[in-house]
Each structure stands twice: as C-alpha cells, then as structure tokens.
Amino acid sequence: MVYPENMENNSRIWLRKPGVQDTEQIMLFKSEILASDRGGDAFAGCGELRQAATMEEWLDILREQEDGETVPKGRVPSTSYVAVRGGDGRIVGIIDLRHHINHPILGLWGGHMGYTVRPCERGRGYAKEMLRQNLINCRARGLKKVMVTCSETNIASERVILANRGVYEKTVEVDGERIKRYWIETA
C-alpha cells in the first residue's frame, strides 16, 4: 500500500469495507457526527448510517445498495468503505463510491462519491487520502472520470477535491444552495 508522504506512520489510513467487527467504532462515529451535526451533509457517503438503528441493519443496507439487483428503487448501486488509521485501527472516516451517476440528482449535483471524516479527526489530511484511495477504486471499476461535488461554502472539501486533481466545471443551485461540480480523471 502506498501512503502519502506527509502523513506520519501512525496516521496512515487504508480503505476497506466495514464489517461486524467495527460495531463499537461505527456507533461511536455515528454518535460523534450526531453530536456535531449542523444539518446539511454531515453523513455524506455514510450509506444511511444516520437511519440505521444497529450495525447489522447498516451492514444489510450497504449490502443491498451494493448489488444492482437489490438496490432500492430510485438509487444507484454503491460501495461504502471505512477509512482505518494504521497506528491504532481507529475508523476516521467513511466514503462511498456510486457505481454510476445515471440519476437525476447524482448527475446534477450528487456525484460519484461522498465522504465524512469524524469531527475530532478533521484537518489531518484524511479526507484527501480517502478521496485519493477511492479514485483507485473508481479506476478498478472502469470509471475513467468521476464527478465530485461540494457546497460553495465548504472550503475544506473544495481543497480536498483540488488536491486530487479536481477540475472545476460549474456551479449549480439546488434548493437555494450553490454546489460546485468538479471532474477528476482516475488514470
């Protein structure tokens, strides 16, 4: 695994699918997000974690969403990953990958992925690395170019996108919010 040069050894992360072994950490992650939630996309990329009452329910939702045959009507297949820190195995973030964006919302402003970093872990480069690693997942799925978006006011997310070679396309307005659209080539 290749780690970014600017991360210390104990801060390095990798992406993997969540499992039952993550129950305690995911529930703590959820609690922390809920405690800091100011509305908006606090659970971006978390695959219905906000609504899931248990870990088992959340994992069932993720399995259902990943399969093109079982994905709920009105949604597209997606795969969710947890970002695990190597030094202590702590889950520092969650990111998803939508297999395509042939959908009215995703094609306009949702994009191919969403991500959330645990509030106490923000500002340490994790989102940048999560996006970089998920671009590798995109390439493995045959996606040559992906759309990633952020609110016009989310400067941190915009920096993450730009650091991963995001090319600004345009800004769209959705329910009074201005959303910036970026495209990233995966190769």
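Read-outs: derived from the displayed coordinates by stated rules, not from any lab. None of the values given here were measured: they were computed from a predicted structure. Cβ coordinates were reconstructed from backbone atoms using ideal geometry, including for glycine residues, and neighbour counts include every protein chain displayed.
Could you state the orientation-averaged shadow area of the convex hull built on the Cα atoms of region 9-185, in nm² to one decimal? Please report the intermediate quantities before stating the final value.
Numbers: hull surface 39.6 nm².
Its Cα hull, projected and averaged over all orientations, spans 9.9 nm².
If packing is taken as the average count of other Cβ atoms within 10 Å, what order do 75-81, 43-49 fall into, highest mean first? Walk me through the intermediate numbers first.
Numbers: 75-81: 19.4, 43-49: 21.3.
Highest mean packing first, the order is 43-49, 75-81.
Mind checking which helices in the chain clear 15 Å along their axis (Cα) and have mean Kyte-Doolittle hydropathy of -0.5 or more, DSSP H runs only?
Working: long enough: 23-36 (20 Å, 0.46); 55-66 (16 Å, -1.03); 126-140 (21 Å, -0.54).
Going by DSSP H runs, the hits are 23-36.
Gly93's amide H: which non-local residues (gap 5+, or another chain) put their own amide H closer than 5 Å, with H modeled 1.01 Å from N in plane and none for Pro or chain starts?
Amide H to amide H, under 5 Å and 5 or more residues apart or across chains, Gly93 pairs with Ala83, Arg118.
Please state the relative contact order of the chain as a whole percent: Cα pairs under 8 Å, 6+ residues apart?
19 percent
Mind checking the alpha-carbon convex hull of region 82-187 and giving the volume per residue in Å³?
Spread over its residues, the Cα hull of region 82-187 gives 102 Å³ apiece.
If I take R0 = 22 Å and measure r between the Cβ atoms of Arg159 and Ala187 in this structure, what FRET efficiency does the formula 1/(1 + (r/R0)^6) give, to the nearest 0.05?
Values: r = 22 Å, r/R0 = 1.02.
Using R0 = 22 Å, I get an efficiency of 0.45.
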